[in-house]
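Participant: Structure below; questions to follow.
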């Protein structure tokens, strides 16, 4: 059921069992899973069914670190959340991303990857992915094309990895019908949480205060509360909920908002392929991204290079991913950029203030650049590819000084706007340098290509070409001690007995893979914990996600515990 909060009675109080703040990937996944267990749930979404600038403005704030765009275009404040501006990349974290590394301070998760593997398997139905298989030989054989083949890697320093592409799944559109038909879920649209209220010692959440941009107010009381508003907003809500504790909730050790991470991305060098490898599509983002030619089992895939775990340990580096980036005729021109925006619009990606008329006018003003870029992208003639570069994303090292804080400015609802200081370490620079060097050496030794690299990054200021990937992570990090994190291994906020956090803000270490699939896996895992906490020992089987008793209308295999939840819900 959907309810427009702007039309409710002023001061209304809503009662529920679980209240989820944020209807993005984490929030919707969690709500659907609780629905299968028959648990009454309120899902609070700041926006509506479509983007609007007044709501989008609530995300805007001040940048206080490296040049960094963290609002328009990188987050979407309406039903579906950031899935509305997501490219669809999916790959689980590597096993060593969960391990503590002595050369990476504050690294490691409270548990190993095997804790998440059953939940990773269940994400494929929700994200509309292919088989739960990320083995490169499997996909090379399944695709079976001469221009989609694996590069021989001979040095032992480099491996190739596979990512699958979701269509991408826009959760607000894909699961709108499920949310609307559910007898247990009420979705309140245009419902902005402005404060999390607690008892006198801030150990128990009593309610959340909600305001609309039209001036209406209401409250929600629940047995359990979950913040699922994103890597920046989760921290903002905890910090701003300071009526009882001046530093905010869960912030006894000044960890809330710290360790803000995003994957930095940089291009380097010039690649000259040997003739035998000049047309291979498997590792080039311009040819493998959402490309039907690089797909099997109904799923597009891509391949990236990565350093082996042995090399990472030996050289004391962060994790990373590298691929080729062909530079087309007209690349970077106004016409090419307008054409790219049009393609993104066809993928239903949220692009603030974009207009078809303006993009069409731009393309008409620059017909040669537009046509050249478009034809090169479509027909792939080698003569119109100006250059090929290496592009890499690198794991962000946990860094307490990279953080989200509250600024002095306030938004229309009276909430303090955020101040985001994205900061990277020298280890990230060294990882970029050595990763590029080792991949270039691999390509040379394998007789695939010669690579002329750019100057090293280490010891210099970050170049203006540095950009993030809009993966906002780490600000409410998970840790087995409140001194080291904000939430425990079950994602419960330290010191508050009924407040949880979902999403990538709980990642203590982020690897070099794309976070959405891990966000979904953690949300499924959290749902099991919430059901167990509500139903007690009788629901212990909820934490075992791999049973095969029935199917739901989304196509996800339901665990036996879901059926149990329906039985014991009263």
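Participant: On a 0 to 90° scale, report how tilted helix 426-445 is relative to the longest principal axis of the chain, with both axes built from alpha carbons and the result rounded to the nearest 10.
Facilitator: So the inclination is approximately 40 degrees.
Participant: Ranked highest first by average number of other Cβ atoms within 10 Å, how do 236-245, 277-286, 351-360, 76-85 line up?
Facilitator: My ranking of the peptides, most packed first, is 76-85, 236-245, 277-286, 351-360.
Participant: Taking the Cα atoms only, what angle lies between the long axis of helix 117-127 and the longest principal axis of the chain, rounded to 10 degrees?
Facilitator: Rounded to the nearest ten degrees, it is 90.
Participant: Got the relative contact order for the chain handy, in percent, Cα pairs under 8 Å and 6 or more residues apart?
Facilitator: Working: 1305 pairs, mean separation 135.3, N = 570.
Reported relative contact order: 24 percent.
Participant: How many nm is it between the label spots at residue 378 and residue 145, if each spot is 7 Å from the Cα in line with the beta carbon?
Facilitator: 1.7 nm
Participant: Now a separate question. Working out 0.36 nm times the residue gap between residue 357 and residue 408, then minus their Cα-Cα distance, what length gain in nm do you get to one decimal?
Facilitator: In short, 14.6 nm is gained.
Participant: Percent of alpha carbon pairs in the range 246-312 separated by more than 18 Å? Each step should come with its number before you reach the end.
Facilitator: Working: 1462 of 2211 pairs.
Looking at the range 246-312, the distances longer than 18 Å represent 66 percent of pairs.
Participant: Going by alpha carbons, how many degrees (0 to 90, nearest 10) lie between the helix axis of 516-535 and the longest principal axis of the chain?
Facilitator: Tilt of helix 516-535: around 20 degrees.
Participant: While we're on this one: Between residue 159 and residue 340, what is 0.36 nm times their sequence separation minus the Cα-Cα distance? Round to one decimal in nm.
Facilitator: 62.1 nm
Participant: If you bin the C-alpha pair distances of the range 427-471 every 10 Å from 0, what whole percents do you get?
Facilitator: Taking every Cα pair in the range 427-471, the percentages come to 24, 44, 27, 4.
Participant: How do 185-195, 33-43, 104-114 rank on mean C-beta neighbours within 10 Å, highest first?
Facilitator: For the peptides 185-195, 33-43, 104-114, the packing ranking is 33-43, 185-195, 104-114.
Participant: Moving on. Once R0 is set to 35 Å, what does the formula 1/(1 + (r/R0)^6) return for the Cβ-Cβ distance between residue 246 and residue 112, expressed as a FRET efficiency to the nearest 0.05?
Facilitator: FRET efficiency, residue 246 to residue 112: 0.40.
Participant: Report the calculated FRET efficiency for residue 308 and residue 125 (r = Cβ-Cβ distance, R0 = 22 Å), to the nearest 0.05.
Facilitator: Working: r = 32 Å, r/R0 = 1.43.
Rounded to the nearest 0.05, the efficiency is 0.10.
Participant: Just how far, in whole angstrom, is the range 476-531 from the range 207-241 if you go by their alpha carbon centroids?
Facilitator: 18 Å
Participant: Let me ask something else about it. Between residue 133 and residue 445, what is the FRET efficiency for a Förster distance of 30 Å, r being their Cβ-Cβ separation, to the nearest 0.05?
Facilitator: 0.55
Participant: When the chain is fully extended, how far beyond the present Cα-Cα distance does residue 453 get from residue 292, taking 0.36 nm per residue of separation? Could the numbers behind the result be given before it?
Facilitator: Numbers: separation 161, 0.36 × 161 = 57.96 nm, distance 3.14 nm.
The span from residue 453 to residue 292 would gain 54.8 nm if fully extended.
Participant: Would you report the distance distribution of C-alpha pairs in the chain as whole percents per 10 angstrom bin, up to the bin with the largest distance?
Facilitator: Binned Cα distances yield the sequence 3, 17, 28, 27, 16, 7, 1, 0.
Participant: Hey, another quick one. Pop a pseudo-label 7 angstrom from the Cα along the beta-carbon direction at both residue 400 and residue 181 and give the gap in nm to one decimal.
Facilitator: Label at residue 400, label at residue 181, 5.1 nm between them.
Participant: Also: Just to be sure I understand the model, the point goes 7 Å from the Cα along the line to the Cβ. What's the resulting residue 57 to residue 480 distance in nm?
Facilitator: Here the answer is 4.8 nm between the modelled labels.
Participant: Taking the DSSP beta bridges in the chain as the whole, what percent of them are antiparallel, to the nearest 5?
Facilitator: So the antiparallel bridges amount to about 65 percent of the total.
Participant: Where does each of 8-20, 523-535 land if you order them by average Cβ count within 10 Å, highest first?
Facilitator: 523-535, 8-20
Read-outs throughout are calculated quantities, based only on the coordinates presented, and are distinct from any laboratory measurement. Only a predicted model underlies this, so the values are computations on that prediction, with no experimental measurement involved. Note: ideal-geometry Cβ built from the backbone for every residue, glycine included; neighbour counts use all protein chains shown.
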